[in-house]
1. Being assigned to a loop (DSSP other than H, G, I, E, B), crowded, with 16+ Cβ neighbours inside 10 Å and aliphatic (A, V, I, L, M) is the filter here; which residues of region 1-33 pass it?
2. Would you mind stating whether F99 is aromatic (F, W, Y), under 22 Å from L27 (Cβ atoms) and assigned to a helix (DSSP H, G or I)?
3. Considering only residues that are acidic (D, E) and under 27 Å from V75 (Cβ atoms), look in region 98-141 and name the one that is surrounded by the fewest Cβ atoms within 10 Å (Cβ to Cβ).
4. How many of the residues in region 50-90 are touching a residue at least 12 places away in the same chain (Cβ under 8 Å) and either basic (K, R) or within 19 Å of Q29 (Cα to Cα) (or both)?
5. May I ask you to say which residue of F40, F98 is among the aromatic types (F, W, Y), over 20 Å from Q21 (Cβ atoms) and without any contact (Cβ under 8 Å) to a residue 60 or more places away in the chain?
6. Exactly one condition in (1) at pLDDT below 95; (2) of a type in the set (D, E, K, R); (3) in contact with a Phe, Trp or Tyr (Cβ under 9 Å, 6 or more places away or on another chain) is not met by R122; state its number.
7. Restricting attention to region 34-82, which residues are outside any loop (DSSP other than H, G, I, E, B), under 23 Å from F99 (Cα atoms) and acidic (D, E)?
Amino acid sequence: MSAIANLLGGVAFLGHDVQTQMDLIVLSQDGIPKKSLLFFADYLDLSVGEMAELLPVTERTIQRYSPQKHFNSAVSESILHMAELVARGVEVFESKEFFLSWLLQPCMALGGRTPRSLVSSRFGIGIILDELTRIEHGIIS
């Protein structure tokens with residue numbers, strides 16, 4: 001859980017300590033602040049526009065928000081799911097760079113699609129998390 005919070009700037013940005021899944025629920029209900037999203041985008045080396053493509057929010061809306069303004073629960077939950085995915089991917093690949101590179105490679109287990117092409121969907125993130133578990137256990141499909 002702390003890896004997810006760290007990807008979003010930690011307690012200093014989130015205003016919450018994240019120790020349990022219940023903390024994630026509270027955080028998604030309270031909303032993720034824009035500054036946490038920008039911190040996460042910087043970690044991923046993505047522009048605001050690229051982040052917006054992966055979230056249920058427009059680039060223009062993100063740009064209009066002040067750094068302290070919080071996203072609604074739907075957007076916040078999507079951000080948290082993405083952070084969970086990235087934390088898990090970095091853990092499995094033991095490298096941010098290897099994981100981010102893997103996201104861009106077509107994957108036979110995903111029907112030849114790139115993992116990144118599925119990130120904008122909660123179901124897609126679930127499929128990618130399942131594939132990461134298979135990779136972790138040496139089951140390459």
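1. L8, V18, I32
2. Against the criterion (aromatic (F, W, Y), under 22 Å from L27 (Cβ atoms) and assigned to a helix (DSSP H, G or I)), F99 does not qualify.
3. D130
4. Within region 50-90, residues that are touching a residue at least 12 places away in the same chain (Cβ under 8 Å) and either basic (K, R) or within 19 Å of Q29 (Cα to Cα) (or both) number 25.
5. Exactly one residue qualifies, and that residue is F98.
6. Just one mismatch for R122, condition (3).
7. Listed by number, the residues that qualify are D42, E50, E53, E77.
The values are calculated or read from the model by the stated rules, or taken from the named source; none is laboratory data. Please read all numbers here as calculations on a predicted model, not as lab measurements. We place every Cβ from the backbone using ideal geometry, glycine too, and count neighbours over all the protein chains shown.
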